[in-house]
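I have placed the structure first, in the form of structure tokens, so that the comments after it can refer back to it.
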Amino acid sequence: MADLRINLAGIASPNPFWLASAPPTNTGYQVQRAFEAGWGGAVWKTLGDPIINTSSRFAAVHFNGQRVAGFNNIELISDRPLEINLKEIYETKRRFPNHAVVVSLMVEPKQEKWHEIVKRVEDIGVDGLELNFGCPHGMAERGMGAASGQQPDLVEMQTMWVKEAARTPVIVKLTPNITDITATAKAAVRGGADAISLINTINSLAGVDIETWNTIPHVGGKGAHGGYCGPAVKPIALNMVAECARNPLVGVPISGIGGISGWKDAVEFLLMGSTGVQVCTAAMHHGFSIVEDMIDGLNNYLDSKGLLSVNELIGKSVEQYSDWGDLDLNYAVVARIEQETCILCNKCHIACEDTSHQCIERHTDENGAAYLKVREEDCVGCNLCSIVCPVEGAITMLEVPAAEMPLSWNQRQAAIAALGNGKDSDNPGKKEAV
Amino acid sequence: MSMTVKAAYIPVDSLRRNFAEVKAGMKPKEAMEESNRCLYCYDAPCIKACPTGINIPSFIKKIASGNMKGSARAIMDANPVGATCARVCPTEELCEGACVLNHSSKPIMIGDLQRYATDWAIHNDSLLFSAGADNGKSIAIIGGGPAGLSAARELARFGFAVTIFEAKEQAGGLDTYGIVSFRLPQRISFWEIDQVRKLGVDIRTSTKVGIDVSVEDLLAKHDAIVLAIGMAKVPILGIEGEQLAGVYDAIDFIESTKAELREDLIGKRVAVIGAGNTAVDAATCSVRLGASLVKMIYRRSREEMTAYDFEFEFAKQDGVEFAWLSSPLRIIGDEAGNVTAIECQRMSLEESEEGGRRRPVPIEGSSFMLEVDAVIKAIGQLRHLPLIEQLGLAHKRGIVTVDTATYQTSNPRVYAAGDVVFGEGQGEAMVVSAAQQGKKTAYAIYNTLVARREQHG
Ligand SMILES: Cc1cc2nc3c(=O)[nH]c(=O)nc-3n(C[C@H](O)[C@H](O)[C@H](O)COP(=O)(O)OP(=O)(O)OC[C@H]3O[C@@H](n4cnc5c(N)ncnc54)[C@H](O)[C@@H]3O)c2cc1C
Ligand SMILES: Cc1cc2nc3c(=O)[nH]c(=O)nc-3n(C[C@H](O)[C@H](O)[C@H](O)COP(=O)(O)O)c2cc1C
Ligand code: SF4
Ligand code: SF4
Ligand code: SF4
């Protein structure tokens, strides 16, 4: 049994699994049930000035029979009176002194407003604050949430105001609805943030009903953009976490959020630099008990790796995350098809033939049996065939000896520049994966 | 009625192939697809339908999440013989029968997923549990079948010093010797025994209580006893010719296929008397031993047959034939004392006056002959009366009387679980119920000897 305790910028928690600020953390009843089920911490549903929520709020994207590949909502922050929330937060913390109780806040971008709410919340005894600069809908119209979260100067200023009043650690929650996540992450750090959490939800419209032509969801025939989350957003969140983790100007602990549904997802976020993780959609889909396998699976994983503490995972893959210009252009992999495991669906062949590099050949052996073979000299190692192959282990991407010494685009450009001939004209600009 | 004899020679290595596990384990892709199909129901009906209460959605979720050790642990935690049960439980009557997807699609293949997870643990030789801190108390368990092993495992986790006394050469009871290899290979039972032994349980095999050790000795040396001796041999039919060579007790007959495979039934005609689970197993074993014709003889009809539907289907697929509404009158032999035929008579069913199962009554002058070379008796099992009486326990015709909450017998220091308490409407003769009862005795013993004492300071 490994040690699962974490400490995120001074906020201690028995394990890295927190519930994100959202419907699961709306009331004391819920948060206490969650702690009983095993969750290590919870970020209370965002508190702020009273709002009204609509009826009909959520929608989901189901993908080929699997429910909730993605989840969409047009819910705002807490619609319960502040006093009641504060009373329940107090009771929850008293019952669970060793669990992390963090409170999410969102008010108008005014110094006295922030000072006031920080004071009221800290007075009841909480472990930390999370500033919600990320809600993509509803609140932005009032100059809050994503509206302020998209402007680095507003992020910095408001964080500063909070830090003037706060005694507990301050986490700034970032909106993904921005081109460069590190711009607002750095602003939060300049403002004095002790940690950042990301991502909040991504602007989305879940769908259009092709019978009624209404939006999904709709409120009395009208729709508005919502926020997207759940398994579908994980890669977007993971990239943003990694970008922050590897940026030296960010340099504060990260609470990873976005599409985390099981212990493996959590391990990935930890490896990419998160100190802990937050979960919303998976809990909404299956209930609080899913944390049991998250904890058990993580524990067994750490044991199998011979690691004594979950902290040994944090950031271990960050160094591997780099820029395209630093990748070795001479590294090569090719696809190889395992005839024993192949079920001859020909999906790899047609994928390569129609949409990649036309190098999976269809053959017939001396007994008249069909088989497929990769023409390795023409294979560019794009991975497409292994992605579409439905059978585990039928296609392996094999590393082949490089013809030449490792050389990245940046090294190549530098070498050319050093030669000083300046004749290389194929692409002087920056290369990016597109 | 005469039968034609197929002259066949089947080499013993093909017989061995006949006794290899029939059903293949799930492939990884199958397990992934099936585990992701489970809805992870809240307060799931499948859990309630499992006599040992395995948290089925949890173990399935763990397969889906790639937490295989956790999955195996979730299964084995609730059921110390969970790998065996994955193969031998009548799942359509239990967990799978209760799955909510029966209504909208197809039930989750819970048994196969359970096998997938426990096979992983067996393959990776995982030790899933550890013994509790020594609590100073000592328990003797008589019988190392599923009930005894299950009690031992739980008692060891509570910190008791546990000794199992097992008459046979190996523990496992009918899991090791009674359930046919093509459904349950012995190595599965051996792994489960090993899991228990590794918790420090002393398993004394080839030690028959009442013969090799005395009941008084056990009562003197241990704080409590768990009686888990199962049932005994098949009773006599009470008809002429039962002593002839070629007449077998089904339990002994099946046991003989667990070690060396006999070749003397190749091409022979076999009659099996009875139509319960054991009768089906004896019949399918005979087919697999090369018999040219296997006929089950039952005095009632298909409807009253106590074997499960899947067993009946399996027997039919193996080519077993059925003589319904037929009852044996006498077994006929030649001068050398070998079986040559069995004489039966036809029955008809009459409503019984008490309103129970319809009663078979002979039809006058309907007797007929079946030429056979062997007769296997599978008409239920007797009880280990001598030992039960030596222990001085209250019983009804060998069915030990227990308190169904604690499984305590008339002697408060003796508990009983498994087939030894089955009958008269009490319990079910299944591996899974034996396992659950074994657990319950352990909890009751813990509550009586440790927890209660702690409460009183
Ligand atoms: C042929 C057959 C097929 C079956 N198939 C299935 C099936 O598919 N699915 C299912 O769920 N159930 C099946 N059953 C039923 C199942 O095997 C039993 O219900 C179960 O094994 C009962 O467990 P137990 O521990 O009570 O008894 P047993 O398994 O009978 O174990 C009792 C043990 O006690 C030992 N013992 C007895 N007397 C003494 C003594 N004096 N001293 C020391 N040790 C002693 C015995 O040697 C034995 O090892 C089958 C039974 C038979 C006979
Ligand atoms: C219905 C709903 C309401 C939410 N409300 C809030 C909120 O009040 N404050 C906040 O910071 N984030 C809110 N979120 C965003 C979540 O905290 C989280 O950042 C996001 O859902 C991504 O995590 P997931 O993929 O695990 O769901 C909400 C999400 C959902 C689905
Ligand atoms: S889950 Fe269903 S019943 Fe519950 S509040 Fe939402 S719409 Fe109503
Ligand atoms: S996609 Fe996979 S299974 Fe299908 S033909 Fe190609 S290698 Fe075989
Ligand atoms: S009832 Fe069926 S779908 Fe529901 S948890 Fe059990 S196995 Fe899964």
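Taking only pairs six or more apart or across chains, which ones have beta-carbon atoms under 6 Å, a first residue in the stretch B:145-170 that is farther than 19 Å from B:Ile75 by Cβ and more than 14 Å from chain A (Cβ to nearest Cβ), and a second residue that is charged (D, E, K, R) and away from ligand 4 (no atom under 16 Å from the Cβ)?
Hits for this filter: B:Gly159/B:Asp134; B:Phe160/B:Lys137; B:Thr163/B:Asp202; B:Phe165/B:Arg204; B:Ala167/B:Lys208.
Could you please let me know if B:Glu389 is out of contact with any helix residue (DSSP H, G or I) (no Cβ under 9 Å at 6 or more places or on another chain), surrounded by fewer than 16 Cβ atoms within 10 Å (Cβ to Cβ) and more than 27 Å from B:Asp217 (Cα to Cα)?
no
Anything in the stretch A:284-300 that is open to solvent by less than 50 Å² (accessible area, probe 1.4 Å) and either part of a helix (DSSP H, G or I) or more than 8 Å from every other protein chain (Cβ to nearest Cβ) (or both)? List them, or say none.
Result: A:Phe288, A:Ile290, A:Val291, A:Asp293, A:Met294, A:Ile295, A:Asp296, A:Gly297, A:Leu298, A:Asn299, A:Asn300.
Of all residues in the stretch A:90-116, which are in contact (Cβ under 8 Å) with a residue 60 or more places away in the chain and open to solvent by 10 Å² or more (accessible area, probe 1.4 Å)?
A:Glu91, A:Arg95, A:Phe96, A:Asn98, A:His99
Being more than 16 Å from ligand 2 (Cβ to nearest atom) and assigned to a helix (DSSP H, G or I) is true for just one of B:Ala429, B:Ala451. Which residue is that?
Just a single option satisfies the conditions, and that option is B:Ala451.
For the structure I just gave you, tell me whether B:Ile75 is more than 11 Å from ligand 5 (Cβ to nearest atom), within 12 Å of chain A (Cβ to nearest Cβ) and modelled with pLDDT of 95 or more.
No: the conditions fail for B:Ile75.
With the requirement that a residue be more than 14 Å from chain B (Cβ to nearest Cβ), part of a loop (DSSP other than H, G, I, E, B) and of a type in the set (Asp, Glu), what does the stretch A:349-392 give you?
Those that are more than 14 Å from chain B (Cβ to nearest Cβ), part of a loop (DSSP other than H, G, I, E, B) and of a type in the set (Asp, Glu): A:Asp365, A:Glu366.
Within the stretch A:215-229, is even one residue assigned to a loop (DSSP other than H, G, I, E, B) and among the β-branched types (Val, Ile, Thr)?
Scanning the stretch A:215-229 turns up no residue that is assigned to a loop (DSSP other than H, G, I, E, B) and among the β-branched types (Val, Ile, Thr).
Yes/no per residue for (1) closer than 22 Å to B:Gly82 by Cβ; (2) buried (at least 21 other Cβ atoms within 10 Å of the Cβ):
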{"position": "B:Tyr177", "(1), (2)": "yes, yes"}
{"position": "B:Lys208", "(1), (2)": "no, no"}
{"position": "B:Leu219", "(1), (2)": "no, no"}
{"position": "B:Ala224", "(1), (2)": "no, yes"}
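So the check is Cβ under 7 Å with 6+ separation or different chains; which pairs have a first residue in the stretch B:414-432 that's within 14 Å of chain A (Cβ to nearest Cβ) and a second one that's within 7 Å of ligand 1 (Cβ to nearest atom) and of a type outside the set (A, V, I, L, M)?
The qualifying pairs do not exist here.
Based on what the data block shows, is B:Ala121 within 14 Å of another protein chain (Cβ to nearest Cβ), more than 15 Å from ligand 1 (Cβ to nearest atom), over 18 Å from B:Met430 (Cα atoms) and open to solvent by less than 10 Å² (accessible area, probe 1.4 Å)?
Yes, satisfied.
Tell me which residues, restricted to the stretch B:289-312, are part of a helix (DSSP H, G or I) and either at pLDDT 95 or above or hydrophobic (A, V, I, L, M, F, W, C) (or both).
B:Phe310, B:Phe312
If the requirement is being more than 12 Å from chain B (Cβ to nearest Cβ) and away from ligand 1 (no atom under 16 Å from the Cβ), which of these qualifies: A:Val252, A:Val267?
Just one listed residue meets the conditions, A:Val252.
Given the structure, is A:Ile52 exposed (fewer than 15 other Cβ atoms within 10 Å of the Cβ) and assigned by TED's automatic domain parsing to the domain that holds A:Ile171?
yes
Being on the phi > 0 side of the Ramachandran plot, assigned by TED's automatic domain parsing to the domain that holds B:Val215 and open to solvent by less than 10 Å² (accessible area, probe 1.4 Å) narrows it down to one residue among B:Gly148, B:Gly159; which is it?
B:Gly159
The values are calculated or read from the model by the stated rules, or taken from the named source; none is laboratory data. Treat the numbers as computed from the prediction; the structure is a model and nothing was measured. Don't worry about glycine lacking a Cβ; one is built from the backbone with ideal geometry, like all the others, and counts go over all protein chains shown. Quick note on the areas: whole protein, heavy atoms, side chains included, nothing else; ligands and nucleic acids left out. Shrake-Rupley method; radii C 1.70, N 1.55, O 1.52, S 1.80 Å.
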